[in-house]
Amino acid sequence: MYAKIDQDIEDDMLQFLVTDAGAELAAAIKMGSNPEDYLSKPEYRDRFFAALAKTVKEDYDYRGLGAEIMRYPLSTPVTNVIHQLRAEVETAEDGDAHAD
């Protein structure tokens, strides 16, 4: 389990974090894409979801902390997933373009 949240009062904040992190990750992979583009495809789903869960956990853990806390922009595993999916999506699109 990536993030353990036992309080219902934080459900709205958690939904915001999930929505925001999903949009950030999708845009990092391909500009103009959305999370459903990756969650709906079996070849991308698990890695995208794992990166999403790790990002939400980090955002939740560091919520409310100021600039005095050193934070990396994204954890290394999340960055690796972004690079993998970016390369795979570009390769798939190049293959589709050449098939025409």
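The values are calculated or read from the model by the stated rules, or taken from the named source; none is laboratory data. Everything numeric here is computed off the predicted structure, so don't read it as measured data. Note that we place each Cβ from the backbone using ideal geometry, even for glycine, and neighbour counts take in every protein chain shown.
For region 56-65, check the following and say yes or no: at least one residue is modelled with pLDDT of 80 or more, surrounded by 14 or more Cβ atoms within 10 Å (Cβ to Cβ) and within 21 Å of T91 (Cα to Cα).
There is no residue in region 56-65 that is modelled with pLDDT of 80 or more, surrounded by 14 or more Cβ atoms within 10 Å (Cβ to Cβ) and within 21 Å of T91 (Cα to Cα).
Scanning region 1-50 for residues that are among the aromatic types (F, W, Y) and farther than 17 Å from R63 by Cβ, which turns out surrounded by the fewest Cβ atoms within 10 Å (Cβ to Cβ)?
Step one: filter region 1-50 for residues among the aromatic types (F, W, Y), giving 2, 16, 38, 44, 48-49.
Still in the list and also farther than 17 Å from R63 by Cβ: 38, 44, 48-49.
Values: Y38: 25, Y44: 19, F48: 22, F49: 16.
Ranking the candidates gives F49 first.
Cβ-Cβ under 7 Å, sequence separation 6+ or interchain: first residue in region 21-33 and touching a residue at least 24 places away in the same chain (Cβ under 8 Å), partner in a helix (DSSP H, G or I) and among the polar types (S, T, N, Q). Which pairs?
What qualifies is A21/T55; L25/T55.
Of the residues L74, L85, which is modelled with pLDDT under 90 and not hydroxyl-bearing (S, T, Y)? Walk me through how you get there before you give the answer.
Working: L85 fails: modelled with pLDDT under 90.
When all the criteria are applied, what remains is L74.
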